[in-house]
Ligand code: IMP
Ligand code: MG
């Protein structure tokens, strides 16, 4: 049960006095029924959110898995029952029959959406009655895709129409999913889904919110203009009609080194970075472009942990640096090297503890299909 306090004026202690009183239980009972865990990427996308979403969807009993930002610029690589799947729109709950919702913070390409359903069905994943699109989700049109392919080169976009679709949404000239006839069977009113009718029976919902892209690509927190057009932080999950009080755990996902794909120069000189790309198979799952590589930047990580309110942190791809046999981070613009994996883990543990991340909430992963 959540606790809540209110401040009320106290006549006994005079006009300047206040006392704290507990609210009656019914005032905060409803929010306690709605819980949400959030998955956020702490770097430039491609950190392995798909794997974490697949793992948590299976481990915890969620009523919904919600994709909360981005479009089909995202590519989540998921290994399910030994088979590889790449999803762009549909959240990982679908692999376990959990209601999977594409939220109003996303933009949706209907052609890609139907291709993805076909791909999942052909791969043996039952999708019927499991996939939903918020009716106020905006649609990526053919014109958006054509424009992005033509003009997105400066940023190095994925060319999937993401930027133009969000621009039209905010310019109030966009098209919502509710206006597209063939999407009708999938439409969902998120308000009715999340909340009971006034005075109605309380719903007991636990939502896993799955983000796309990452902190370094966030429209506000990334290196503008080399960013995507949506909100990639924990706050982005709330924009899908959810109250801040619903947030329970925030799973931050990072790689033990960094990658970025786009037009700005990111990869420093040195063979070690080419090795990261080769051994880590660093090619975009949406566009196939080679990702630029660098050591993990501590300032990006710390900012992302704080801004997102991370409670659990997973570092992926430990096996890649182990195979290379070198460990380092960039800290205050200087490269700091470590003699072993253990030394790097100890360093990270010490740096993250003051940010509220105890060792038992930090995970080091070296598998494609599990934490
Ligand atoms: P857009 O999101 O397609 O507009 O591309 C803007 C920037 O974000 C480009 O640098 C893209 O490569 C990058 N980007 C977009 N989506 C992803 C993703 O899912 N993973 C990694 N990079 C992405
Ligand atoms: Mg990806």
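Within segment 193-215, track down each residue that is surrounded by fewer than 24 Cβ atoms within 10 Å (Cβ to Cβ) and within 24 Å of residue 249 (Cα to Cα).
First, the residues of segment 193-215 that are surrounded by fewer than 24 Cβ atoms within 10 Å (Cβ to Cβ): 193-206.
Once the filter is applied, which keeps residues that are surrounded by fewer than 24 Cβ atoms within 10 Å (Cβ to Cβ) and within 24 Å of residue 249 (Cα to Cα), segment 193-215 yields 193, 194, 195, 196, 202, 203, 204, 205, 206.
Listed here are the residues, each with its yes/no results for (1) surrounded by fewer than 23 Cβ atoms within 10 Å (Cβ to Cβ); (2) touching a residue at least 24 places away in the same chain (Cβ under 8 Å); (3) in contact with a strand residue (DSSP E or B) (Cβ under 6 Å, 6 or more places away or on another chain); (4) within 28 Å of residue 98 (Cα to Cα).
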site: 137; (1), (2), (3), (4): no, yes, yes, yes
site: 140; (1), (2), (3), (4): no, yes, yes, yes
site: 145; (1), (2), (3), (4): yes, yes, no, no
site: 151; (1), (2), (3), (4): yes, no, no, no
site: 156; (1), (2), (3), (4): yes, yes, no, no
site: 184; (1), (2), (3), (4): yes, no, no, yes
site: 190; (1), (2), (3), (4): yes, yes, yes, yes
Checklist entry - How many residues are surrounded by fewer than 21 Cβ atoms within 10 Å (Cβ to Cβ) and in contact (Cβ under 8 Å) with a residue 40 or more places away in the chain if we restrict to segment 56-72? => result 3
Item to check | Odd one out for residue 50 among (1) within 14 Å of the chain's Cα centre (by Cα); (2) more than 17 Å from residue 253 (Cα to Cα); (3) in a helix (DSSP H, G or I) | outcome: (2)
Checklist entry - What about residue 90, is it more than 28 Å from residue 370 (Cβ to Cβ), in contact with a strand residue (DSSP E or B) (Cβ under 8 Å, 6 or more places away or on another chain) and within 16 Å of ligand 1 (Cβ to nearest atom)? => result no
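Give segment 193-216 a look and list any residue that's within 16 Å of ligand 2 (Cβ to nearest atom) and closer than 23 Å to residue 135 by Cβ, or say none. Steps first, please.
Let us first name the residues in segment 193-216 that are within 16 Å of ligand 2 (Cβ to nearest atom), namely 210-216.
Across segment 193-216, the qualifying residues are 210, 211, 212.
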Checklist entry - Is there any pair linking a residue in segment 262-290 that is without any contact (Cβ under 8 Å) to a residue 12 or more places away in the chain and under 13 Å from residue 46 (Cβ atoms) to one that is outside any loop (DSSP other than H, G, I, E, B) and within 14 Å of ligand 1 (Cβ to nearest atom), with Cβ under 8 Å and at least six apart or on different chains, and which? => result 283/290
Checklist entry - Can you tell me which residues in segment 75-99 are assigned to a strand (DSSP E or B) and either surrounded by 21 or more Cβ atoms within 10 Å (Cβ to Cβ) or touching a helix residue (DSSP H, G or I) at 6+ places or on another chain (Cβ under 8 Å) (or both)? => result 76, 77, 78, 79, 80, 85, 87, 99
Checklist outcome for this item: Looking across segment 261-283 at residues that are surrounded by 17 or more Cβ atoms within 10 Å (Cβ to Cβ) and within 12 Å of ligand 2 (Cβ to nearest atom), the single one that is nearest to the chain's Cα centre (by Cα) is 261
Next on the checklist: Need pairs with beta-carbon distance below 6 Å; first residue closer than 24 Å to residue 71 by Cα and within segment 194-216, second more than 16 Å from ligand 2 (Cβ to nearest atom) and part of a loop (DSSP other than H, G, I, E, B); sequence gap 6+ or separate chains.
Outcome noted: 194/241; 206/62; 206/63; 208/62; 215/221
Next on the checklist: Residues to consider are 109, 37, 41, 46; find the one that is within 12 Å of ligand 1 (Cβ to nearest atom), at pLDDT 95 or above and over 15 Å from residue 214 (Cα atoms).
Outcome noted: 109
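Per-residue answers, yes or no, for (1) at pLDDT 95 or above; (2) more than 22 Å from residue 234 (Cβ to Cβ); (3) out of contact with any strand residue (DSSP E or B) (no Cβ under 7 Å at 6 or more places or on another chain):
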residue: 290; (1), (2), (3): yes, yes, no
residue: 302; (1), (2), (3): yes, no, yes
residue: 310; (1), (2), (3): yes, no, no
residue: 338; (1), (2), (3): yes, yes, no
residue: 341; (1), (2), (3): yes, yes, no
Checklist outcome for this item: When segment 158-174 is checked residue by residue, the ones that are surrounded by 20 or more Cβ atoms within 10 Å (Cβ to Cβ) and within 16 Å of ligand 2 (Cβ to nearest atom) are 158, 160, 162
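The values are calculated or read from the model by the stated rules, or taken from the named source; none is laboratory data. Computed from a prediction, not measured in an experiment: that's the story for all the values here. Don't worry about glycine lacking a Cβ; one is built from the backbone with ideal geometry, like all the others, and counts go over all protein chains shown.
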